[in-house]
Each structure stands twice: as C-alpha cells, then as structure tokens.
Amino acid sequence: MPSSAKHQAAALALVKYLTSTPAQTQINQTYGTFPPVLSAQGSPQFQTAEMKTLENIYNNKSTPLPPVPSESTMETDLGGAITHLIGSAATSGPVSVSKIQAALTSAQDQLNAAGGS
C-alpha cells in the first residue's frame, strides 16, 4: 500500500481478501474467467478443458508487457484510433489495411511525442 493511503490496514486487508483463494474462486467462477492466483487455479470448477487451456496460456506462454512511461496516453491514443476505425467501418464499410496501419502509426507518433515509447 502506498504510504499516503489514509486507511493502510483496511486497504491491505482488502487486497489480501481479493487475492485469497476463496475470493478468487468466487469472482472467477461468477465471471467465467480463470484466476491469476495460483492457489485458486486448482479449484474443481477450473478443471475443464477450456480452463486448462487458459491455465497453460497464463502459466507457460504469457509474458508481462514492458512498462510504458505514458500508459494512459498510450491507452487514450490507441483507444481513439480503434474507436475511429470501428466508427468508420460501421458507417463506410470495410477498413483497409493501409487505414489501420496509418491509424496505428499516428497513435505511435502521438505516444512518442508525449515521451512514451
């Protein structure tokens, strides 16, 4: 918890609860997702073929993304580009590969200008 947190003990208790095996089991069962908490992954409801595939992906194939100094800028620029492309597809028909590349290049340029990379 950040040292500036007003209720550090309560915040830590909440994090401990949310990452506990029972809470992760309940949350992920409710939403049909696979728990990232290893101790919850062994619960019986996560032993289906679909969940075993997700377990393999999470535990053996995924890697963390590199940190991006301007994460919010990246999300805003990329989200804006994607929203624009979806809107264009909805109103004007199929979007070309070159339009997608141009939108992504523009988002990358905006991120670079903001100091991210």
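If you roll a 1.4 Å probe over the heavy atoms of the protein chains, what accessible area per residue do you get for region 49-91, in Å²?
75
Check cross-link reach from residue 52 to the lysines: straight Cα distance under 25 Å, and skip same-chain residues fewer than eight apart.
In chain and number order, the partners are 61.
Could you tell me how many degrees, from 0 to 90 and to the nearest 10, lie between the Cα long axis of helix 21-31 and the main elongation axis, the longest principal axis, of the Cα atoms of the chain?
Taking the Cα atoms of the chain, the angle to 21-31 is about 40 degrees.
Considering only protein heavy atoms, with the full assembly of protein chains and a 1.4 angstrom probe, order 97, 68 by accessible area, largest first.
Ranking 97, 68 by accessible area, largest first, yields 97, 68.
Using only the alpha-carbon atoms, how far is helix 97-113 inclined from the longest principal axis of the chain? Give it as 0 to 90 degrees, nearest 10.
70
I'd like the orientation of helix 8-18 relative to the chain: the angle between its Cα long axis and the longest Cα principal axis, in ° from 0 to 90, rounded to 10.
90
Could you work out the pair-distance distribution P(r) of region 16-108 from its alpha-carbon pairs, with 10 angstrom bin width and percents rounded to whole numbers?
P(r) over region 16-108, rounded to whole percents: 14, 27, 22, 28, 9.
Given contacts defined as C-alpha pairs under 8 Å and at least six residues apart, what's the relative contact order of the chain, whole-number percent?
Values: 69 pairs, mean separation 22.4, N = 117.
Computed value for the chain: 19 percent relative contact order.
Using Cα pairs under 8 angstrom and six or more residues apart, how large is the relative contact order of region 70-115, in percent?
After rounding, I find 59 percent.
The values are calculated or read from the model by the stated rules, or taken from the named source; none is laboratory data. Quantities reported herein were computed from a predicted structural model and do not represent experimental measurements. Side chains are part of the model used for accessible areas, which takes the heavy atoms of the whole protein and leaves out ligands, DNA and RNA. Shrake-Rupley method; radii C 1.70, N 1.55, O 1.52, S 1.80 Å.
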